Structures are given as structure tokens and as C-alpha cells.
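Working notes, structure below.
What follows draws every value from the coordinates through simple rules; no lab data is involved. Remember, predicted model here, so these are calculated numbers, not experimental data. Ideal geometry is used to build each Cβ from the backbone, glycine not excepted, and the neighbour counts take in all protein chains shown.
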Amino acid sequence: TNLWTGPFHAYRHVISTFINTGDPVRLHAINVYYHFYSAERPAALKALKTVYDWVMKQDIHPIFASEYVSGVEGFFSARIDRKGPGDYIIRDNGGCRTFRFENLPPGDAPDMSRSRNILGYRFDRKVLYVHLDENPEHRIVFGRSASAGVPYLIESSAGVSGWTASPSRVSFRADIKGMGFFKIAAPAGGLYRVALRPESGPVWEIRVAASNGELSLRKDLFGRAAIEIVRDNTPSGTGAR
């Protein structure tokens with residue numbers, strides 16, 4: 001805006017920056033940063049709304065600036081030890097909870113039966129993102145037997161902690177900031193009963209079918225919640241929610 005002399009609509013061009021730093025290689029996070037005097041000019045306020053509208057349509061994980069700082073500090077403090085081919089120990093990563101791997105051999109993925117303290121992983125444009133839990137030490141072992149029949153987290157729009165998983169049950173806590181979306185690999189397929197218990201408010205329950213080995217769950221709220229997903233062996237047509 002040339003030191004607030006105009007053009008006052010110019011902030012909308014930050015969308016081009018978000019696009020160019022996210023594709024074809026992700027370089028930076030989306031950072032919606034502005035001054036409150038943006039509401040002083042109708043063109044500036046309209047531009048800000050345009051930016052927010054675009055951001056809210058993206059596949060994002062909303063966080064506070066303080067949480068981003070924690071992730072950056074964890075990036076600098078993290079220690080990575082290579083124990084052998086495709087075998088890594090990660091320590092002291094603090095708030096840096098996602099690690100990125102590129103140029104992996106075709107078919108390689110984290111072996112969930114041998115890895116330790118990881119929530120799951122996701123491939124995105126040939127880049128692997130591995131999600132770590134809140135423990136201070138993690139082990140990532142690559143192999144071809146990725147899941148060992150146990151569900152794992154593919155992606156989430158909320159911070160996840162307290163993750164436990166077995167072939168028939170998953171439970172975890174989520175810190176949801178308006179947009180609650182979770183995708184979980186469900187190797188067994190079938191139907192699942194989901195219960196979301198927020199710290200305040202009513203319990204939300206639903207019955208969800210896994211599709212193509214994945215279970216998708218969406219519930220928008222602002223706050224922390226406990227989530228339990230249990231494989232449902234109830235025959236269809238019995239009135240289960």
C-alpha cells in the first residue's frame with residue numbers, strides 16, 4: 001500500500017505469494033498478517049476479506065503465532081541420528097511435530113510396527129510428511145509394511161495428543177481452532193462409531209464408513225475435545241447413529 005498511501009486494495013496480492021510458496025514445493029506457511037487500520041479504508045477491508053475467504057478454502061492447520069514460534073524453536077533444537085539405512089531417531093524437537101522427507105525409494109513408507117511415537121504420515125506431491133507425537137524422542141523406520149493393520153493419522157487440521165490406536169479403536173485429544181478435520185488410515189475398512197467430547201458443550205456422535213482404507217471426520221468447533229473412534233460391528237439397519 002506504499003506506506004498507506006494507496007492502492008489500498010493491494011493486500012489481496014498476498015494470495016499470489018501464498019500460492020507461489022506452496023506449489024510446486026512448499027516453502028513457507030500461510031501467514032495472514034495485517035494491521036487493524038486495514039478497516040479504515042473500504043478497499044483494504046474488502047481485500048482482507050478476500051484473503052480470509054481464500055485461506056479458509058485451503059487445506060490448512062490453523063495455529064496461533066505463539067505455536068508457530070514453538071515449532072521454529074523445535075526446528076533449531078531438534079537432533080536427528082541415523083541408526084542405519086532408513087532408520088532415524090529424532091530428539092528434542094519440541095513444538096516441531098512434522099518432519100519432511102524427499103527422494104525416498106519408490107514404495108517406502110514409515111513402518112508403523114517398528115517406528116515409535118509417531119502418529120502417522122502423508123504423501124503430498126512426492127514429499128512425505130511424518131507426524132510426531134508429544135513425546136521427547138521418536139523413531140522412524142522405513143519399510144514396505146507400512147501400517148501393520150493399525151490405524152494411523154494421515155492428516156489433521158488440529159493439534160493432536162494422547163494418541164492410542166489398535167485395529168479396532170483409536171482415541172486422541174484435539175485442539176481445534178474452528179476447523180476440525182481428521183483423516184485416518186483405517187486398514188480394516190467397515191463402519192466406525194465416533195464420539196467427540198468437547199471440554200464444554202454436548203457430545204457429538206456419528207457413525208462413519210471408511211472408504212478406500214480411509215476414515216474422514218469433520219466437526220467444526222473452537223476448543224479442545226477428546227475423540228474416540230471404535231470399529232462398529234452392529235449390522236446395518238439397526239438404527240445405530
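Plugging the Kirkwood radius over Cα pairs into Stokes-Einstein for region 1-56, at a temperature of 4 °C and a viscosity of 1.567 mPa s, what D comes out in µm²/s?
Taking Rh from Cα pairs, D becomes 110 µm²/s.
Which three numbers, in whole Å and largest first, are the semi-axes of the equivalent ellipsoid of region 132-174 derived from its Cα gyration tensor as √(5λ)? Numbers along the way, then the final one.
On the way: eigenvalues 66, 45, 21 Å².
Values for region 132-174, descending: 18, 15, 10 Å.
Starting from the Cα of TYR37, step 7 Å toward the Cβ, then list every residue of region 10-31 with an amide N under 17 Å from that point.
Within reach of a label on TYR37, which here means backbone N under 17 Å from a point 7 Å along Cα→Cβ, region 10-31 contributes 10-11.
Using θ = phi - 60° and the Karplus curve 6.51 cos²θ - 1.76 cosθ + 1.60, what whole-Hz ³J(HN,Hα) does each residue of region 9-18 get, with Gly and Pro shown as x?
8, 5, 4, 4, 6, 5, 4, 4, 5, 4
Of all the C-alpha pairs in region 149-221, what % are more than 16 Å from each other? List each step's numbers first, then the result.
Values: 1212 of 2628 pairs.
Everything past 16 Å amounts to 46 percent.
Taking the alpha-carbon set of region 56-174, what are its Rg and Dmax in Å?
Rg and Dmax of region 56-174, Cα atoms, are 14.2, 42 Å.
Stretch LEU45-ASP23 to full length: gain in nm at 0.36 nm per residue minus the Cα-Cα span? Kindly include the intermediate steps, with their values, before the conclusion.
Numbers: separation 22, 0.36 × 22 = 7.92 nm, distance 2.72 nm.
Residue separation times 0.36 nm, minus the Cα-Cα distance, leaves 5.2 nm.
Let me understand the chain better: what is its radius of gyration from the alpha carbons, and its Dmax, in angstrom?
Reported Rg and Dmax, both Å: 20.4, 66.
When the chain is modelled as a GNM with alpha-carbon springs shorter than 10 Å, which of SER161, SER70, SER115 fluctuates the most?
Comparing SER161, SER70, SER115 in a Gaussian network model of the chain, the most mobile one is SER70.
Return the loop-located trypsin sites (Lys or Arg not before Pro) in region 125-229 (DSSP other than H, G, I, E, B) with at most 11 other Cβ atoms within 10 Å of their own Cβ; answer none if there are none. Walk me through the numbers on the way to the answer.
Details: sites: ARG125, LYS126, ARG139, ARG144, ARG169, ARG173, LYS177, LYS183, ARG193, ARG207, ARG218, LYS219, ARG224; in loops: ARG125, LYS126, ARG144, LYS219.
When the trypsin sites (Lys or Arg not before Pro) of region 125-229 are filtered for loop state and at most 11 Cβ neighbours within 10 Å, ARG125, LYS126, ARG144 remain.
Please give every one of the lysines within straight-line cross-link reach of LYS83, meaning a C-alpha to C-alpha distance under 25 Å, and leave out same-chain neighbours fewer than 8 residues apart.
Answer for LYS83, where 25 Å is the Cα cut-off: LYS126, listed by chain and number.
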